[in-house]
Amino acid sequence: MPIPLYGFLQGDTVGLLILAEEAETLQALARKLQDAASLRVERRDRVQVVYNDKTMDSTMTVAQAGLQALDRFDVLSG
């Protein structure tokens, strides 16, 4: 079942609602956010996912990171 999350991409002016799967990696989640914001923000290969003010390991899954419905995550240039 998809998990709705609020994603904020560095350089964008709005947060976006992104549907994630528990088994999806944070790297894939970051790509999904970049794709959704691609009309406003250029894609970057090196990014960091920040959740609860902590830089997360991009190989972790959404479930391993503890993300739950309507949580916020940030994708920063890195």
Q) Quick one: Karplus J couplings for the stretch 47-59, per residue in order, coefficients 6.51, -1.76, 1.60, θ = phi - 60°, nearest Hz, x for Gly and Pro? A) 9, 10, 9, 10, 9, 6, 6, 10, 6, 9, 6, 5, 8
Q | Rounded percent of accessible protein surface that carbon and sulfur make up, the chain, 1.4 Å probe | A | 49
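How much length would be gained if the chain were fully extended between GLN68 and ARG31, taking 0.36 nm per residue of separation minus their Cα-Cα distance, in nm to one decimal?
Values: separation 37, 0.36 × 37 = 13.32 nm, distance 1.86 nm.
Between GLN68 and ARG31, full extension yields 11.5 nm more.
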Q.
So, for the chain, what is the accessible surface per residue at a probe of 1.4 Å, expressed in square angstrom?
A. 63
Q) What value, in deg cm²/dmol to 500, does the helix sum -39500 (n - 2.57) over DSSP H runs of n ≥ 4 give at 222 nm once divided by the residues of the chain? A) -5000 deg cm²/dmol
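R0 = 30 Å: FRET efficiency of ASP45 with GLU22, Cβ-based, nearest 0.05? Could you put the intermediate results ahead of the total?
Details: r = 25 Å, r/R0 = 0.84.
For R0 = 30 Å, the calculated efficiency reads 0.75.
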Q: Could you run the Karplus curve 6.51 cos²θ - 1.76 cosθ + 1.60 with θ = phi - 60° over the stretch 8-24 and give me ³J(HN,Hα) per residue in whole Hz, x for Gly and Pro?
A: 10, 9, 4, x, 8, 9, 9, x, 10, 7, 10, 8, 10, 9, 4, 8, 6
**Q.** Selected from ASP45, ASP35, ASP12 as most flexible by GNM, with the chain as the system and alpha-carbon contacts under 10 Å
**A.** ASP45
Q. What percentages, rounded to whole numbers, describe P(r) for the chain computed over all alpha carbon pairs with 5 Å bin width beginning at zero?
A. 3, 18, 33, 28, 14, 4, 0
Q. Just for the chain, what percent of DSSP beta bridges are antiparallel, to the closest 5?
A. 75
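R0 = 30 Å: FRET efficiency of THR61 with SER38, Cβ-based, nearest 0.05?
Numbers: r = 24 Å, r/R0 = 0.80.
E between THR61 and SER38, to the nearest 0.05, is 0.80.
How high is the relative contact order of the stretch 1-71, in percent, with contacts defined as C-alpha pairs under 8 Å that are six or more residues apart? Mind dumping the intermediate values first?
Values: 96 pairs, mean separation 26.7, N = 71.
Reported as a whole number, the value is 38 percent.
The values are calculated or read from the model by the stated rules, or taken from the named source; none is laboratory data. Quantities reported herein were computed from a predicted structural model and do not represent experimental measurements. Heads up, the Cβs are rebuilt from the backbone with ideal geometry, glycines too, and the neighbour counts pull from every protein chain shown. The protein model used for the area step is the full one, side chains on, heavy atoms only, and it has no ligands, DNA or RNA in it. Shrake-Rupley method; radii C 1.70, N 1.55, O 1.52, S 1.80 Å.
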